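The structure under discussion appears below in the form of structure tokens.
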Amino acid sequence: MKNSKYRKNEEKIFIMLMQASCGIILLIMGLILLTILRKGIPAFSWEILTSVPKGGFYFGGEGGILNAIIGSIYLAMGATFIALIISLPTALFLNVHLRKYRKLQNAIRLFIDILWGIPSVVYGSFAFTIMIYFGLRASLIAGILTVAVFIAPIMIRSMDETLKTVPLILYEAATSLGSTKFEISYKVFFKQCIPGMVTAILLSFGRAIGDAASVLFTTGFTDNIPKSLTQPAATLPLSIFFQLTSPIPEVRERAYAAALILTIIILLISITGRGISLRYMNNQIK
Amino acid sequence: MLHMTKEKIHIENLEVSIGKEHILKNINCTIPEKKITVILGPSGCGKTTLLKSMNRLTDLYSDVKINGKIELNGKNIYNGISDINDLRRKMGLLSQRPAPLPMNIFNNVAYGLKISGRRKKRYLRLRVEHYLKQANLWDEVKDRLYSPANSLSIGQQQRLCLARGLAVDPELILADEPTSSLDPISSQAIENRLMELKNHYTIIVVTHALRQARRIADYIIFLYLGEIIEQCEASEFFNNPKNEITKAYLRGSFN
Ligand SMILES: Nc1ncnc2c1ncn2[C@@H]1O[C@H](COP(=O)(O)OP(=O)(O)OP(=O)(O)O)[C@@H](O)[C@H]1O
Ligand SMILES: [Mg+2]
């Protein structure tokens, strides 16, 4: 037996360690937000938010980044939607239909984890190769599909992790009421996991809107707002990149305004998502 | 008495193994209709497994091997069953811990009706009320039908699960230690319900509580280490046990 003084000190040290770790994370987040706010707010203007780049924008001329804002929102929403159509059935199938096939389940999980680990630039180049083969130009739809494929593993595994927590007795209860596997999936497992599902979708949306490498070759870049899926589109990460690498200080400052806008979009989406999941939280069975 | 009632379930040479473990050995028994049959035995002897093999919940486990025959109304459920969900709907399950569905109280009871295609609001309301009354829960929940089921107490949740099971209009009720997580008063409520419901349903209750078995059982199946040691009418089991293991169990020598 360890004596009680030793155990008390052990407890104290661990609490301090945990507090320190939390502190570091919060500090880093605070610093990032502070930088973006300090540099972004002075450069921010109504014009940036509401107009597309005019001639000479990238040399400090007039205009805004509405093209990239709209392009990013289209791209991320489209990709998240398509990824959702792929991911939800996959994650449910994995947990409901394959529940008793442990080995197969683990093999599939490993496979998806590997896909998760592949850098987005590889997805981008892969898609680019296919596009060249078929002679396709960079377009919004090509970007949407590429990003959807790239975020699908993230969405599937995040959904999978919440679905895994559904207790066996709930599965048995639903089964013994005569439910089909389909009904168990969508009426019980899905409902039980709505908060986790929303988190999975948000996480994927964040990755979709924030990634530059996968859209570089596939979506292209343009100063116009896309009017159809087959036109190229601008995106915020690339817009930030182009401005930040400029030798002109004013242009570099505007990059922070773009980063600020990107952060605000993600924040808004997260808050809405939290709201949705809180509404369904109280139906969950522990 | 027993020979006058109909057989509801008939089990012949049932062998169940999970992985390398041989869990049920050469089970032969009969469940009489509209009686309470209690499956009795010490922990780990295979009571739950026997119960779950009756509505084929064992299908959900990996590595389960089942041999032998279980007949429901004279038809083997492991052979030539066209619709397994139909089979399961004939048996309401009450588990050890209540497992309400992640939805409100009303929808928990209406769930079984909805999945079998009944959607008319008025009809559903009437049926939900009826089954909640049957489970003796109506008065407590009638003003909060649309609150989440997990806001109920554990005892209320168990009665909700009973109502939900009754709502699919089963012929049998399978109850796996239905009162083990309940307080004495809620347990009493469930026991009383089961006693009344046996006029309409065939009821199988798993328990390892001898006193509960004494209170509710018409017929006893005594399991020990995966084998049936004794099966007979309750009065005979308690007053005139034949087997030495049964006698030891009744004396409380092991549990
Ligand atoms: N999924 C499973 N995989 C492997 N072994 C299992 C599984 N389920 C049950 N068993 C084993 O089967 C035996 C019987 O289990 P069962 O749950 O039927 O016992 P029980 O009589 O209901 O016990 P209790 O009174 O404790 O609930 C036990 O030895 C248990 O370890
Ligand atoms: Mg058990």
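Below is a table of values for the structure above.
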| quantity | calculated |
| --- | --- |
| Relative intensity, log₁₀ I(q)/I(0), of the stretch B:1-119 from a Debye sum that treats every alpha carbon as a point, q = 0.12, 0.18 Å⁻¹ | -0.54, -1.11 |
| Filter on A:K103/A:K164; B:K35/B:K121; B:K34/B:K75; A:K191/B:K198; A:K187/B:K47; B:K47/B:K114 - keep pairs with C-alpha separation over 23 Å | B:K35/B:K121; A:K191/B:K198; A:K187/B:K47; B:K47/B:K114 |
| Interface size B-A, as summed buried accessible area [1.4 Å probe, Å², nearest 100] | 2400 Å² |
| Nearby aspartates and glutamates by direct alpha-carbon distance to B:K6 (threshold 16 angstrom, same-chain neighbours under 8 apart not counted) | B:E33, B:E71, B:E171, B:D218, B:E233 |
| Three-way shape label, the stretch B:53-93, alpha-carbon gyration tensor, a/c 1.5 | oblate |
| Accessible area per residue, Å², chain A with all protein chains present, probe 1.4 Å | 54 Å² |
| With DNA, RNA and ligands ignored, accessible area of A:D113 (1.4 Å probe; Å², nearest 10) | 60 Å² |
| Of the DSSP H helices in chain B, those whose Cα atoms cover at least 15 Å axially and whose Kyte score averages -0.5 or more | B:105-115, B:154-167, B:184-197 |
| Principal-axis tilt of helix A:140-163 within chain A, Cα atoms, nearest 10 degrees | 20 degrees |
| Kirkwood-type radius of chain A, with distances r between different C-alpha atoms, in Å | 21.5 Å |
| Mean-position separation - Cα centroids, the stretch A:19-44 and the stretch A:216-243, in angstrom | 28 Å |
| Simple label model, 7 Å out from Cα along Cβ direction - A:N3 to A:N224, nm | 8.1 nm |
| Residue-normalised accessible area of the stretch B:88-212, expressed per residue, 1.4 Å probe, Å² | 41 Å² |
| Positions from the stretch A:243-286 whose accessible area shrinks by 50 Å² or more when the full protein complex is built, not the chain alone, probe 1.4 Å | A:N283, A:I285 |
| Heavy atoms of B:S151: accessible area, 1.4 Å probe, square angstrom to 10 | 60 Å² |
| Chain A: relative contact order as a whole-number percent, Cα under 8 Å and 6+ apart | 27 percent |
| List of the stretch A:88-104 residues, accessible area with partners at least 40 Å² below that of the chain alone (1.4 Å probe) | A:K100 |
| Reduction of at least 50 Å² in accessible surface, 1.4 Å probe, comparing all protein chains with the chain by itself, residues of the stretch B:107-138 | B:Y111, B:I115 |
| Of all accessible heavy-atom area on the stretch B:99-169, the percent that carbon and sulfur account for (1.4 Å) | 46 percent |
| Solution diffusion estimate, µm²/s, Stokes-Einstein, the stretch A:2-43, Kirkwood Rh from C-alpha pairs, 20 °C, viscosity 1.002 mPa s | 170 µm²/s |
| Cα-projected label distance for A:A20 with B:E7, points at 7 Å along beta-carbon direction, nm | 7.3 nm |
| Estimated FRET transfer efficiency (B:R125, A:L31; beta-carbon r; R0 45 Å; 0.05) | 0.20 |
| FRET efficiency estimate (nearest 0.05) - Cβ-Cβ, A:N106 to B:K133, R0 30 angstrom | 0.05 |
| Calculated FRET value between B:D169 and A:K164, using beta carbons and R₀ = 35 Å, to 0.05 | 0.55 |
| Whole-number percent relative contact order across chain B, with pairs defined as alpha carbons under 8 Å at least 6 apart | 27 percent |
| Per-residue SASA entry for A:I70, accessible area with 1.4 Å probe, Å² rounded to 10 | 50 Å² |
| Percent accessible area from carbon and sulfur atoms, the stretch A:49-285, protein chains only, probe 1.4 Å | 72 percent |
| Eligible lysines near A:K227 by straight Cα distance, threshold 20 Å, same-chain separation 8 or greater | A:K54 |
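The values are calculated or read from the model by the stated rules, or taken from the named source; none is laboratory data. Computed from a predicted model, the values in this text were never measured in an experiment. Cβ coordinates were reconstructed from backbone atoms using ideal geometry, including for glycine residues, and neighbour counts include every protein chain displayed. SASA here: full protein model, heavy atoms, side chains in, ligands and nucleic acids out. Shrake-Rupley method; radii C 1.70, N 1.55, O 1.52, S 1.80 Å.
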